[in-house]
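The values are calculated or read from the model by the stated rules, or taken from the named source; none is laboratory data. From a predicted model like this one, the values you see are computed outputs, not experimental measurements. Positions of Cβ are generated from backbone atoms using ideal geometry, with glycine treated the same way; all protein chains shown enter the neighbour counts.
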């Protein structure tokens, strides 16, 4: 912590949030914004910490994380967070964090801000997104802080991917390295899940594997909640509802994917759950015929299925690095289904 050498009250900017700037040793700058909605119990909402040569941390994300933690976390969950995101040391060494949580002291929120700043400054911005994933932050924001959700996640699309491109590329390399065939079906399923969770990070939340639906009578490989605020999945949600949930089936086949696999995924779609599915397979021996089968199901009103091969996944990874969540290749495939 820097010893404060001076501070200057900057008054109220156009945002309507009172601001105070503090200059510390070594040229450090701390700027504090008081969020008028949260009042005096949340005095450091929107804190920015700038060290010489260090980029600004994503302040809206930190604010969203802080509100989610204060509203939802207990002592056991805090411990689980530490082990799940490899932040145990920072949690345990953040002064008064655990004590204030245990007694529900009014300054608990302040200590959460301190923890989140330390995570961002010492472990990097990507680690903050790991914390967000653990907390299922997008879903919590949609339900409790919709305005803040749009500020946190809409700003990441289409130009800035939520997840670093190197992480997505590594996940793709893992998928492509898995041998084709039933012996590695589970590995392929898990690899695709890990890839799509990163690839669609700001569009699909709460992604789960082997999800039971229809009162437990059916099971889908992967399902995600469509919380997109921009990009392809937002466009689908707005123009081709219902798309509250996206259903994904993975086929690690050596042979051709045909009607039985398409019918299986169509059976997971419904007006209540959503009418868009992704069918992930290794290759299509006759891609035009596969697309025709999917188009026929769409035109008959059964549901819309986008069939994606390894090559298509590689294209999506490239698009993620260039245009965030827009995914032009998905839009082209979808157009072929409905036009």
Scanning region 93-104 for residues that are surrounded by 17 or more Cβ atoms within 10 Å (Cβ to Cβ), in contact (Cβ under 8 Å) with a residue 24 or more places away in the chain and more than 12 Å from residue 119 (Cα to Cα) gives 101
Across region 254-280, the tally of residues that are farther than 17 Å from residue 334 by Cα, out of contact with any helix residue (DSSP H, G or I) (no Cβ under 7 Å at 6 or more places or on another chain) and buried (at least 17 other Cβ atoms within 10 Å of the Cβ) stands at 3
One residue is enough: does region 181-199 have a residue meeting the conditions at negative phi, assigned by TED's automatic domain parsing to the domain that holds residue 289, in a loop (DSSP other than H, G, I, E, B) and at pLDDT 85 or above?
no
Checking 90, 128, 61, 81 in turn, the sole residue that is within 23 Å of residue 144 (Cβ to Cβ), surrounded by 13 or more Cβ atoms within 10 Å (Cβ to Cβ), modelled with pLDDT of 95 or more and in the same structural domain as residue 145 (by TED's automatic domain parsing) turns out to be 81
Of (1) over 27 Å from residue 128 (Cβ atoms); (2) in contact with a helix residue (DSSP H, G or I) (Cβ under 6 Å, 6 or more places away or on another chain), residue 232 fails just (1)
Selection over region 118-128 where residues are over 16 Å from residue 78 (Cα atoms) and either within 14 Å of the chain's Cα centre (by Cα) or assigned to a helix (DSSP H, G or I) (or both) yields a count of 6
Residues in region 81-107 that are under 22 Å from residue 163 (Cβ atoms), touching a helix residue (DSSP H, G or I) at 6+ places or on another chain (Cβ under 8 Å) and in a helix (DSSP H, G or I) total 5
